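S.K.: Take this structure, written in structure tokens, and hold onto it; I'll ask about it next.
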Amino acid sequence: MERFKILVVDDETRMRKLVRDFLVRSGYDVVEAGDGNQALDIFFEKKDIALVILDVMMPVMDGYAVCREIRSYSKVPIIMLTAKSEERDELMGFQLGVDEYISKPFSPKILVARVEAILRRTNQLEAEQKLESGGIVINKSAHSVTIDNKSVELSYKEFELLSYFLENEGIALSREKILNNVWDYDYFGDARTIDTHVKKLRNKMGEKGELIKTIWGMGYKFEANG
């Protein structure tokens, strides 16, 4: 079985050890970095990092700067760890392309569960799966999207969200249902997380973004022929 390599970035040695121990115990290879510069050096040197766990508050280069740099070159899943819990901090992370946002203190077991959920989806290389509707073509095995034959670059979470919409075309989906299926765990955060991702997804889809209908007070529905 392939052992996925995870980069853990935190300036607190004790926190890195805690996360590393739980990940290694769950069968992952772990590499560590104590600051942002070191994290980028390792990330670009290794080239086989499957997921990054990244602390926000660090000296030299903070987590947001590291995330921005990684996102310039890679769609590797990123889980952001932070002592802050203010909404604007989470929104900044999501706008930069963070896939999950976990506030300290957190349960290491929950962190591992989220890592497993992300890797299970991003590395699900089964037979080619295609979804098509309204000029949108999703190739799930190649993790690619075209709209009216033009390639569209989506983040990992945006890709999962659009796939879920097409798989459930014409069905009204509550925010709770979207969270449970796309995020793949019981999410106790604010439902506005979904609204943020839908807004970004619509923008990237251009005119086709109108196919994602808002159902006020409930959630969303994808409808290509409505």
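S.K.: Name the pairs: first residue in region 50-74 and among the aromatic types (F, W, Y), second residue open to solvent by 10 Å² or more (accessible area, probe 1.4 Å), Cβ to Cβ under 8 Å, at least 6 apart or on different chains?
M.R.: That search, which allows pairs on different chains as well, returns Y64/M92; Y64/L96; Y73/F44.
S.K.: Conditions: (1) of a type in the set (S, T, Y); (2) part of a strand (DSSP E or B); (3) modelled with pLDDT of 85 or more. S74 meets all but one. Number of the miss?
M.R.: (2)
S.K.: Shifting gears a bit: V9 - would you say it is among the hydrophobic types (A, V, I, L, M, F, W, C) and modelled with pLDDT of 90 or more?
M.R.: Spelling it out, V9 is indeed among the hydrophobic types (A, V, I, L, M, F, W, C) and modelled with pLDDT of 90 or more.
S.K.: Give the number of residues within region 23-60 that are more than 16 Å from L119 (Cα to Cα), among the hydrophobic types (A, V, I, L, M, F, W, C), open to solvent by 30 Å² or more (accessible area, probe 1.4 Å) and modelled with pLDDT of 90 or more.
M.R.: 1
S.K.: Determine the pairs where a residue that is over 15 Å from Y101 (Cα atoms) and modelled with pLDDT of 85 or more, located within region 169-187, has a partner that is among the aliphatic types (A, V, I, L, M) and surrounded by fewer than 13 Cβ atoms within 10 Å (Cβ to Cβ) with Cβ atoms under 8 Å apart, the partner being 6 or more residues away or on another chain.
M.R.: A172/I215
S.K.: Give the number of residues within region 83-142 that are modelled with pLDDT under 75, of a type in the set (K, R) and surrounded by 12 or more Cβ atoms within 10 Å (Cβ to Cβ).
M.R.: 2
S.K.: Quick one: would you say R14 is among the basic types (K, R) and within 25 Å of L201 (Cβ to Cβ)?
M.R.: On the way: among the basic types (K, R): yes; within 25 Å of L201 (Cβ to Cβ): no.
No, not satisfied.
S.K.: Pick out the one residue from R3, R16 that is touching a residue at least 12 places away in the same chain (Cβ under 8 Å), outside any strand (DSSP E or B) and open to solvent by less than 50 Å² (accessible area, probe 1.4 Å).
M.R.: Numbers: R3 fails: open to solvent by less than 50 Å² (accessible area, probe 1.4 Å).
Just one listed residue meets the conditions, R16.
S.K.: Continuing with this model, one more query. Sort out which residues of region 188-219 are open to solvent by 40 Å² or more (accessible area, probe 1.4 Å), within 17 Å of I171 (Cα to Cα) and in a helix (DSSP H, G or I), and write them in order of number.
M.R.: Hit for region 188-219 is E210, nothing else.
S.K.: Would it be correct to say that L166 is more than 21 Å from I79 (Cα to Cα) and in a helix (DSSP H, G or I)?
M.R.: So L166 passes the test.
The values are calculated or read from the model by the stated rules, or taken from the named source; none is laboratory data. No experiment lies behind these values; they were computed from the predicted model shown. Using ideal geometry, Cβ is built from the backbone for each residue, glycine included, and neighbour counts are taken over all protein chains shown. Keep in mind that these areas ignore ligands, DNA and RNA; they rest on the heavy atoms of the full protein, side chains included. Shrake-Rupley method; radii C 1.70, N 1.55, O 1.52, S 1.80 Å.
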